[in-house]
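First comes the structure, then the notes that go with it.
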Amino acid sequence: MNCTRRNFLIGGSTTLFLSGYFPKISFASMQKKNLIIISLRGGMDGLTAVPVIGDKRLKKLRKKLILEDVLNLNSDFGLHPKLEIFHKLWQKNQAAFVHATNIPYTGRSHFDGQNLMETGAHIPYKEKTGWLGRGLLASDIIGKGLAISLPMPLLLRGVPQNNNFFPSPDFVETKLIDQIYNEFKGEHNELIKSTLDTIRQRPLSMQIATDSDDRKKLALEAAKQLKDQSGPRVAVFDLDGFDTHAAQGGVDGAHADELEEVNKIVTILHENLGQAFDNTLILTLTEFGRTIKQNGGYGTEHGYGSAILMAGGLIKKSQVYTDWPGLKKKELFEGRDLNSTIDSRAVYNSAMSICFNQDPEFLRKEVFWGDELPDLSQELFKI
Amino acid sequence: MSLNFYRRVAFGLSPNETPDKDPLNWAINQLDTIPDLLWPGTIPTEKDLRKKYGEWVYGDREVLRKKFKNDKHAYRKAKDELRIKTGERYFELNEHAIRHFQTKYSKQPVFERFWLFWGNHFAISEKDFLAEFSTGPYQREIIRPNMVKTFEEMVQSVTTSWCMIHHLDNSESFGPNSKKGMEWGETINENHARELLELHTVSPNAGYTQEDVIQLAYIMTGWVHKWDRKNLETGDIWFDQEMHQKGDKIVLGVKYKNDAKRELAKVIHDLATHPICIKFVSTKLCRHFITDEPTDEMIKPVIEAWNKSNGNLIEIHKAVITQAYKYNEITHKFHPPEIWLMQLSRMFDLNIPLSFEKMNYTFKSKPNNRQRQLSWILREIGHSPYRAKQPNGWSDLEVDWVSPELLLRRFWFASVELPMLVKSGNRSHDFILACLKNNFEDHENMASLIENFRFGTSDYDLGQKYGVICNLPGVLKI
């Protein structure tokens, strides 16, 4: 393990507090940039996705969970073999990871944690809008959010006119809408009427009927929409099942199955975004990581620090960006969890600033109540 | 008075009901007593289902996880078998049937609307296995009997119910200076205290501080489920003095002397009778029945009824209905998917829920598709009642329910699923016309929109007709 705190500080963000923000107007910034968030509900285990290599303590504590054939990233970290696409993109400087990071929440409840990962706040249920919705609103980007789920996720709330895509099990004849459209009269029917407009303007491809569990089709459609220069700029996917209290396993365990899902979505997005992939950032989001030590059921419990998986053409370079806290007992959070040394909201704030062409300082104030979140744009993303 | 009043405060009129001469009186007379649950099938008790919950979590957590730690496939298989044996996949379906049978056939549909309201005000959101085993019985056994008592009594029952305590983690809250708190180095979990203030009683309008939340959490320490090795967290609620924070507490400027388990009743009394609580809950009631943005003028008589009756819910409900009646012609209200479905089921006498004989379950195999149908529909239209995402329950605001997909789901249900739920004797065009006439002033205009299909009785034709009717502005909203 060569990665030390010192390394981090040299290459890190300390200078950023001093540097002002100078938006560059270039051709690239005229292009529509896409931000895609994949929510990993249940608590994604950063140490399974991006395992630290050669750590004796981890080996000892996770006898049954250690991966055999990790993909090589660098001398310190490997990658779970199911995350193939990230490895492929890593070779092209289009994938990176932030490690030992989490939202500032240590309570270990899914319920509260998922609320906070979406609101970006400190107190569960206090905020009723999501950080992404607020970021879009502050950047004056209206009607450009696309949720790949049935209810509008909390993450996107706070900005009006988002679209969502989660087709019903059977084909819906939208010509029924034409038959009743003119019946929606008066101000009190405006909202429904304008939503019917959104439906009628949908491309044919969004009118398919499909099994909503078929994430492939959903991702394919999302890619199509995002590729369109006048289409959505933000998409939100929802995955669950990361709460592996038992049979978490290594290469083929329950956690691996979930990582495979992430891999599938990113693969489809990458294949189908084409050139637009160059102007895209894909980031994962989770409520917490998992305990270092395996439990009696060869699974893990709710922990704290996790990792963010990142892909896209707007990634600066392939790297595991971390202020590695170590895995010795005294280095762990409450003696049991990987610590979080980077507030993950700083990563999301920086990503929004890149994709929305917005001053991170401004977003920090508008979206995160001025919380101290260093600008990581220069470290992580192409400016 | 428009016929839409029957949908504003109830579920519309079924084919064998006729409009009352005095609709206000009709509605108000439904609120004095608790109607019996009509479901002829099994209605298990909360305690029985909690036992099943216990068998499920114990079996999974303590037995299967250890037994199959090396084999995820065998683990999944064994877990599925346990699901069947404990009814983990069944009881929620049965609860939905009980609920929808009630809203379809109740002779006091206005009462039932308030039942839905309170179940959602004191919402149990999707957490652990509450939706599977507990939220239904909680709404039947905790919410329902309290609807003819005072608001304060309802808050007391809810706050010390197993379901709410589990939902909001009060069992994990230790007074830091209590015996167990000191021994184990544990402290409070504020979750329940915060929601008791924010959602259940005074709302943030009361201007409470973080310190108020902490102090209330101190008062609430000790109200926990009894834990044992076999039942894990599913034991009865009791007061554990050894977890209770010692000393006086101050909430919203009122001092509560160190008085062990009696502190909670005192603080709930003060919160439930607080003028800001009365205004907050009255506003919410008006929002549910009258319009998304009720005015002070609309709310005032409800507050007065509250004050005059010392929070008697019967009187409060009557005042809400009186106001809903008064403003019926000049306000609009959007119906969330589940209420829309209940109304369609009652107005058009649809075949939901499934008959109790067919809902009968043997615990030997997975529930069949027919048994799962109602719950599946509810999920597909975006409103599975026991699975609100957050403790603030389902929204009462139109803006939260109008998304492209959610509207499309209604078109889907009405044009694809609904025809299969039409009873064989009700497939004629005349039947639809009669139902429309019974429930809508502008039934002639509605009929004209489906005129083209008047001779059709196939599923497709019915789908075309219901697809149009059910999504008209006057049906989605009143």
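Among A:Leu61, A:Leu273, A:Leu136, the largest mean-square fluctuation in a Gaussian network model of chain A (Cα springs under 10 Å) belongs to A:Leu61. Annotation for B:Lys149 and A:Asp240: the two label points, set 7 Å from Cα along the Cα-Cβ direction, are 3.3 nm apart. Centre-to-centre, using Cα atoms only, segment A:85-140 and segment A:41-65 are separated by 21 Å. Note on chain A: antiparallel DSSP beta bridges, both residues inside, total approximately 40 percent of the bridges counted. In this simple spin-label approximation, B:Asn177 and B:Ala74 carry label points 7 Å from Cα along the Cα→Cβ vector, and these lie 5.4 nm apart. With each label modelled as a point 7 angstrom along the Cα→C-beta vector, the B:Thr33-B:Lys366 pair spans 4.4 nm. Would you report the distance distribution of C-alpha pairs in the protein assembly as shown as whole percents per 20 angstrom bin, up to the bin with the largest distance? Reading upward from the zero bin: 14, 45, 35, 6, 0.
Quick one: Debye curve from the alpha-carbon atoms of segment B:162-272 only, equal weights, vacuum; give me log10 I(q)/I(0) at q = 0.22 Å⁻¹ to two decimals. Debye output, listed in q order: -1.23. Counting only DSSP beta bridges whose two residues both lie in the protein assembly as shown, roughly 50 percent are antiparallel. For segment B:126-158 versus segment A:336-376, the spacing of their alpha-carbon centroids is 41 Å. Too long at a 18 Å Cα-Cα cut-off: which of A:Lys60/B:Lys77; A:Lys56/A:Lys293; A:Lys193/B:Lys477; A:Lys92/A:Lys224; A:Lys33/A:Lys224; A:Lys82/A:Lys382? As for pairs spanning more than 18 Å Cα to Cα, those are A:Lys60/B:Lys77; A:Lys92/A:Lys224; A:Lys82/A:Lys382. Going by neighbour counts of Cβ atoms within 10 Å, the residues B:Lys104, A:Lys329 line up, fewest first, as A:Lys329, B:Lys104. A Gaussian network model of chain A, with springs between Cα atoms under 10 Å, assigns the largest mean-square fluctuation among A:Gly253, A:Gly113, A:Gly370 to A:Gly370.
If the chain linking A:Asp371 and A:Lys329 were pulled fully straight, counting 0.36 nm for each residue of separation and taking away their Cα-Cα distance, it would gain 12.2 nm. Helix B:429-439 and the long axis of chain B differ in direction by around 50°, with both axes built from C-alpha atoms. As a proxy for reagent exposure, B:Arg370, A:Arg62 were ordered by neighbouring Cβ count within 10 angstrom, fewest first; the result is B:Arg370, A:Arg62. Counting beta carbons within 10 Å around each of B:Ile143, B:Ile188, A:Ile123, B:Ile237 and listing the fewest first gives the order A:Ile123, B:Ile237, B:Ile143, B:Ile188. Segment B:297-331 and segment B:67-101 have Cα centres spaced 44 Å apart. For the modelled label position 7 Å from the Cα of A:Ser230 along Cα-to-Cβ, which residues of segment A:154-193 have backbone nitrogen atoms closer than 17 Å? Answer for this model: A:163. Only lysines eight or more places from B:Lys246 in sequence, or on another chain, were considered; those with a Cα closer than 29 Å are A:Lys126, B:Lys179, B:Lys180, B:Lys226, B:Lys255, B:Lys257, B:Lys261, B:Lys266. Give the Debye-formula value of log10 I(q)/I(0) at each listed q (0.07, 0.08, 0.10 Å⁻¹), with one equal scatterer per alpha carbon of chain B, two decimals each. For the requested q values the scattering log ratios are -0.41, -0.53, -0.81.
Values in this text are rule-based calculations from the coordinates and carry no lab data. Predicted model, so just to flag it, every value in this text is computed and none were measured. Using ideal geometry, Cβ is built from the backbone for each residue, glycine included, and neighbour counts are taken over all protein chains shown.
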